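Working notes, beginning with the structure itself.
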Amino acid sequence: MTEYDLVIIGGGPAGLAAAVAARKAGLESILILERDNELGGILNQCIHNGFGLHTFREELTGPEYAGRFREQVQELRIPYKLNTMVLDLAADKTVTAMNGEDGLFCLHPKAVVLAMGCRERPRGALNIPGYRPAGIYTAGTAQRLVNMEGYLPGRNVVILGSGDIGLIMARRMTLEGAKVHVVAELMPYSGGLKRNIVQCLDDYGIPLKLSHTVVDIQGKERVEGVTLARVENGKPVPGTEEHYPCDTLLLSCGLIPENELSRGAGVEINPVTNGPLVSDTLETSIPGVFAAGNVLHVHDLVDYVSQEAAAAGENAARYIRSGGTGTGRAVPVRCDGGVRYTVPASVRLSDLDPEQTVTVRFRVGNVYQNKRILVYAGDAPIYRRKARVLAPGEMETLGLKAKDLLEHPEAEQILVTLEDA
Amino acid sequence: MFDVIIIGAGVSGCAIARELSRKKAGILVLERAEDVCCGTSKANSAIVHAGYDAKHGTLMAKLNVQGSRMMPQLARDLDIHYQVNGSLVVMMSPEDRPALVALYENGIQNGVEGLRILEREELRAMEPNISDDAVAALYAPTGAIICPFGLTFALAENAAKNGVQFQFDRQVTGLNRLEDHWEVITPQQTYAAKVVVNAAGVYSDEIHNMAAPDKMTIKPRRGDYFLLDKTTRGFVKNTVFQLPGKLGKGVLVAPTVHGNTIVGPTAIDLEDKDGTATTREGLEDVRAKCGIAVKGLPLNQTITSFAGLRAHEARHEFFIGEAAPGFVDCAAIESPGLSSAPAIGVMVADIVTNILHLEDNPRFDGTRKGILDPKTLSREEYAALIRENPAYGKVICRCETITEGEILDAIRRVPGARSLDGVKRRTRAGMGRCQGGFCSPRVMEILSRELGIPMSQVTKSGGNSRLILGTNKDSL
Ligand SMILES: Cc1cc2nc3c(=O)[nH]c(=O)nc-3n(C[C@H](O)[C@H](O)[C@H](O)COP(=O)(O)OP(=O)(O)OC[C@H]3O[C@@H](n4cnc5c(N)ncnc54)[C@H](O)[C@@H]3O)c2cc1C
Ligand SMILES: Cc1cc2nc3c(=O)[nH]c(=O)nc-3n(C[C@H](O)[C@H](O)[C@H](O)COP(=O)(O)OP(=O)(O)OC[C@H]3O[C@@H](n4cnc5c(N)ncnc54)[C@H](O)[C@@H]3O)c2cc1C
């Protein structure tokens, strides 16, 4: 088996952008491994518009957006293997994979980019009691059936969870002739983008019930109905039950990064994101193993996935060229004041180029209004920005000037926090 | 005319069928569901109990100990996932010691080997995640775990290999005694058999009452469970029970043969014999109790919850015997029915053999190969397999790494999978952490192709459990 300097695990938008950026940074020897039968990842089933506004300044569908990157990969003649499942990643970066043509094989790259994306949280993880009949799907599974295969999994639908995929499927199922009765959301706020609530629910008159959950599923063979109830302090309130006859329950209750391979290799995982802990170069706790996209933390816009992954690809190319990781001290990035996590989790201050920008992405744990986002290096404030509304469903991005950080070389930590404006 | 009709294709019916296939006889198994193992045998704790629990002198105790002794050889012959992991009954309060000692003595009387009472230190050393408050425990080194589907499918396939016929979607609704045989009535067809065996699980009272002069009542008693992700592998090594006592009756925490952790069950009496719905209260009960005997159980790793129904009869005993001429009961098989199944099979087969004076089947072959799991092969063997059959290089279920080759094998076996759940129970495709999110559309396509049915007729578990209700815009 031919060996490669860089192996990219996953050929979704993250993997493709990493590959393109690594090649443009001068790296010759790159291989993408993808378990599906085409490149593009989850975007292939997202046939609605709204992708690429930031990257290409036009509105593309998911497959079109993926297509742009696929073309670049082909133009740059970056090799890839489809229908190829990576089964194991070892701490020494040995990649074990399998497909029908090559059988089982091992690769020994100098660097790896993790770009495996994420999966949806299943019913079991949500502890919904009741029977286990046909007709309960995650929104993504329904999306695949409808958008890629033309099948309607049901005609009368209740959706639990207001994540973006659930919202988009509420509209899609309606357009395909199903009746979506209600979207119930456990939290007092939606987990999805504001624009999706307007365009996918409001425009079609589909009610969104916040602080509601499914307390029972009826039907032994096929779903016949669900019972919703209002939730207070995490518990359903007796007497608030409402029954909805339906044949389908779609679940859109969150995504879980696919880090089984990363864990197997011993990569340190952030319990908040379920993704690897990375430095500002997107390098994980294993030198030469980088991560980007949904495997790192769940993104709501694919444009940011592409940006992040391009950085990971460039950094992987630099790692291979220079034969290792920088030696600078890793200063931890901490969060407070309602910020749930940050990516990166550390910055190697002394390795920074004074002219560069350090991108910090984060999410908040609740809905906040009229706040100021503040970043401190040690005790010194180095960044501030007003934020009128912050919501868990929307990822925030900060560009910190390396110059500002470098003025505080002794800082013990970098703190990202919110304060009242 | 069949020599024997067995009603019910759970672990009991399948064990009986396999034992009887050692004899020359025409045997038919009638099952109301669409597949083998759709009743209680699919939803239980999957423990092969060592046999200290069932009261000494009962049939239950005898068959449990026998069954547990037969299991290792059976697992080898039929290629079943089975593992002797030991079991612990943990005592949480010193006042409960008499109960622990009584359990030990009952076990000794039942003939269970190797029983010992472990004190705190030894217990801690054996199971680091045991609660700090645990005082002592009864240790049974012969306690084991098994794949309950695997056991039931293996018994059925081996019976089929030796000539037993299976028919599904056949609910027995009546039994008529004619001069020298029984008429067995189903909505589709009426059958004739010299002997009828009742192995209908929670419905075994109804079948009994169709044939026998006395009446039987079985109450379903539900047990709810959580199943945790394989990330919890090794949380406990032994099956950990809590001794019923001052803190009530706890729930068990056990590894499964596939590396998950199972937590449960509750005990909730019901009226509905198909009432396998979990309830919030039931799941809350498991949640509240599971942290007593062990500490730090990561319940946030739950991938699914489910419930099964015990076939409870007031006397808490197995009913096995000829209840009417040519009508043999294998009724009220509640826990430890799974553990006892091999011995139940032998006992019922002996009764039937005596009634019919059956001769040995010289062609009986008591071995069976399971669905080939390529993960158990060496790298070279695996590579060779993929070269020979590329379907083994195509992963369908990503969480459990199940290939198309394994799924095709599951569908093409006899009796083979005909639904998503049938594939899942045979191969584990869809049993992993995403619970079929990725693979179910792909498995549906394979089923549609292999069975020659449109996607709209592919079901989750037979009957009306269709997965697709239409095509895009068909109603517009
Ligand atoms: C169901 C769903 C619907 C979405 N809808 C929208 C939307 O409407 N709008 C929007 O902006 N964003 C949407 N997103 C988010 C957006 O698509 C993602 O942000 C983006 O696709 C993430 O890119 P990625 O490359 O990180 O992951 P993915 O697109 O998930 O790609 C990961 C790739 O890695 C492959 N892979 C994983 N493990 C292995 C392995 N072991 N071996 C080989 N290959 C492997 C996978 O097959 C996949 O192709 C959606 C996400 C999901 C999950
Ligand atoms: C919560 C729980 C935990 C348990 N844990 C354990 C354990 O750890 N260890 C252990 O040894 N045992 C355990 N058991 C017990 C064990 O699961 C059962 O004893 C065993 O599975 C019973 O098998 P069976 O074949 O008798 O019944 P079933 O598996 O219920 O099979 C009966 C079959 O008969 C069919 N049937 C019913 N009526 C008709 C009809 N009219 N016509 C045709 N077919 C019909 C049903 O569809 C079903 O398939 C547990 C049970 C429960 C409920």
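The values are calculated or read from the model by the stated rules, or taken from the named source; none is laboratory data. For clarity, every value in this text was computed on a predicted model and none was experimentally measured. Reconstructed Cβ throughout: ideal geometry from the backbone, glycine too, with neighbour counts over all protein chains shown. Keep in mind that these areas ignore ligands, DNA and RNA; they rest on the heavy atoms of the full protein, side chains included. Shrake-Rupley method; radii C 1.70, N 1.55, O 1.52, S 1.80 Å.
The residue list A:Thr61, A:Thr96 contains one member that is within 12 Å of ligand 1 (Cβ to nearest atom), surrounded by fewer than 20 Cβ atoms within 10 Å (Cβ to Cβ) and more than 28 Å from A:Asn196 (Cβ to Cβ), which is A:Thr96.
When the stretch B:277-333 is filtered for residues that are in contact with a helix residue (DSSP H, G or I) (Cβ under 9 Å, 6 or more places away or on another chain), away from every other protein chain (no Cβ under 14 Å) and more than 23 Å from B:Leu20 (Cβ to Cβ), the ones remaining, listed by number, are B:Gly291, B:Leu297, B:Arg310, B:His312, B:Glu313, B:His316, B:Glu317.
With the requirement that a residue be assigned to a loop (DSSP other than H, G, I, E, B), among the basic types (Lys, Arg) and more than 9 Å from chain A (Cβ to nearest Cβ), what does the stretch B:424-476 give you? Of everything in the stretch B:424-476, just one residue is assigned to a loop (DSSP other than H, G, I, E, B), among the basic types (Lys, Arg) and more than 9 Å from chain A (Cβ to nearest Cβ), namely B:Arg428. When the stretch A:232-256 is filtered for residues that are within 12 Å of chain B (Cβ to nearest Cβ) and either surrounded by fewer than 17 Cβ atoms within 10 Å (Cβ to Cβ) or not in a loop (DSSP other than H, G, I, E, B) (or both), the ones remaining, listed by number, are A:Lys235, A:Pro236, A:Pro238, A:Glu241, A:Thr248, A:Leu250, A:Leu251, A:Leu255, A:Ile256. For the stretch B:178-210, filtering for residues that are open to solvent by less than 20 Å² (accessible area, probe 1.4 Å) and of a type in the set (A, V, I, L, M) leaves 8. Taking the listed residues B:Phe226, B:Phe241, B:Phe235, the one that is over 29 Å from A:Asp216 (Cβ atoms) and either outside any loop (DSSP other than H, G, I, E, B) or without any contact (Cβ under 8 Å) to a residue 12 or more places away in the chain (or both) is B:Phe241, with no other qualifying. Take the conditions of a type in the set (Phe, Trp, Tyr) and out of contact with any Cys (no Cβ under 8 Å at 6 or more places or on another chain) and apply them to B:Phe168. Does it pass? Yes, satisfied.
So that you can scan it fast, the table gives a plain yes or no per residue for (1) farther than 25 Å from A:Leu27 by Cα; (2) in contact (Cβ under 8 Å) with a residue 12 or more places away in the chain; (3) within 14 Å of chain B (Cβ to nearest Cβ):
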residue	(1), (2), (3)
A:Phe51	yes, yes, no
A:Thr61	yes, yes, no
A:Ala97	no, yes, yes
A:Leu114	no, yes, no
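Within the stretch A:35-47, not a single residue is open to solvent by 20 Å² or more (accessible area, probe 1.4 Å), more than 7 Å from ligand 1 (Cβ to nearest atom) and in contact with a Phe, Trp or Tyr (Cβ under 8 Å, 6 or more places away or on another chain).
Residues of the stretch A:141-168 that are touching a strand residue (DSSP E or B) at 6+ places or on another chain (Cβ under 8 Å) and either within 16 Å of ligand 2 (Cβ to nearest atom) or more than 13 Å from every other protein chain (Cβ to nearest Cβ) (or both): A:Val158, A:Ile159, A:Leu160, A:Gly161, A:Ser162, A:Gly163, A:Gly166, A:Leu167. If the condition is being assigned to a loop (DSSP other than H, G, I, E, B) and either over 17 Å from B:Ser93 (Cβ atoms) or not assigned by TED's automatic domain parsing to the domain that holds B:Met91 (or both), then the stretch B:115-132 contributes B:Leu115, B:Glu127, B:Pro128, B:Asn129. Evaluating A:Arg77 against the criteria (1) within 11 Å of ligand 1 (Cβ to nearest atom); (2) open to solvent by 50 Å² or more (accessible area, probe 1.4 Å); (3) farther than 19 Å from A:Glu308 by Cα; (4) not acidic (Asp, Glu) leaves one unmet condition, (1).
Being within 9 Å of ligand 1 (Cβ to nearest atom), more than 17 Å from A:Cys118 (Cα to Cα), of a type outside the set (D, E, K, R) and more than 14 Å from chain B (Cβ to nearest Cβ) is a description that does not apply to A:Gly15. None of B:Ala323, B:Ala307 is touching a strand residue (DSSP E or B) at 6+ places or on another chain (Cβ under 8 Å), closer than 23 Å to B:Ser204 by Cα and open to solvent by less than 10 Å² (accessible area, probe 1.4 Å) except B:Ala307.
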